[in-house]
Amino acid sequence: MAAVAAIVLAIVGAVLLTNYVRNADERALAGLESTDVLVVEEVIPEGTTAEAAEASVSLRKLPVSAVAPGALESLGDVAGQVTTAELQPGEVLLAARFADPASVADPTRVDPPEGYQEVTIQLEAQRVLGGTLKAGDRVGVIFSATIADNPNTDDFDETADVTSNVLDQVLVTRVAFTEQAVDENGQRLPQSLYVTFAVTTPEAERIVFGMEHASVWLTLQPEGPLVGTSEIVTPGVILQ
């Protein structure tokens, strides 16, 4: 009988404790004005859309005095927006944590047009406008090389030094500096840059050919028409 009584008392105690914990929030809110707000239940990565974040939040009742201005009751208020930082469990969801996707886009990166591929080359800073080139710029691509006789024209000798603007209005999608190296004497070497372009297949082939067989320079081009026309520059043209 004593054992049975002990078991019954244990069960009753567990039920009472569970009810106590369950009603703790209600007792804390007793006599206080409360409001419904969304609270983060699982980590929400930066850049998550409001629609995708819905599965990681829940609606809770909190005292008005404990809720910061801008607390959200519904994700409909920020529909189409994305989180501007990683959100942690227990955090009250605020409208200020969301923004238009365009306003939080990576300033060092632009997306290529549909159907275009990307290719990256490494150039010394003086060949990339002194390192001032940035994503979104449009550039001309100039090759300078010594080439063998061209069987399609009589304008070349057996070999010829030539320079020509081979591409115009090429979109730069990303620019990144390489880690600056030092020589055996500890002197810093000139820094170079990785430049990524959005290009068609023929343009990609030309750029790769230029990197393999020529010196490559980039020019910053305006949106409007260019002044002057391109030509193949040879020593003969220079001496004219």
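The values are calculated or read from the model by the stated rules, or taken from the named source; none is laboratory data. This one's a predicted model, so the numbers in the text were calculated from it and none came from an experiment. As a convention, Cβ positions derive from the backbone with ideal geometry for all residues, glycine included, and neighbour counts pool all protein chains shown. Surface areas here come from the heavy atoms of the whole protein model, side chains and all, with no ligands, DNA or RNA. Shrake-Rupley method; radii C 1.70, N 1.55, O 1.52, S 1.80 Å.
Going through segment 36-66 one residue at a time, which ones are buried (at least 17 other Cβ atoms within 10 Å of the Cβ) and over 18 Å from Val78 (Cα atoms)?
If the condition is that a residue be buried (at least 17 other Cβ atoms within 10 Å of the Cβ) and over 18 Å from Val78 (Cα atoms), then Leu62 is the only one that fits.
I need the strands (runs of 3 or more DSSP E) fully contained in segment 139-240, keeping only those with at least 1 residues that are under 18 Å from Gln122 (Cβ atoms) and modelled with pLDDT under 90.
159-177, 192-199
Report, ordered by the first and then the second residue, all pairs with beta carbons closer than 7 Å, sequence separation of six or more or different chains, a first member in segment 187-208 that is at negative phi, and a second member that is open to solvent by less than 60 Å² (accessible area, probe 1.4 Å) and of a type in the set (Asp, Glu).
Leu189/Asp183
Enumerate the pairs (first residue in segment 97-112 and under 8 Å from Ala135 (Cβ atoms) and of a type in the set (Val, Ile, Thr); second residue anywhere and modelled with pLDDT of 70 or more and not in a strand (DSSP E or B)) with beta-carbon separation below 9 Å, excluding pairs fewer than 6 apart on the same chain, so at least 6 apart or on different chains.
As it stands, the answer is Thr108/Lys134; Thr108/Ala135; Val110/Ala135; Val110/Gly136, since those pairs meet every condition given.
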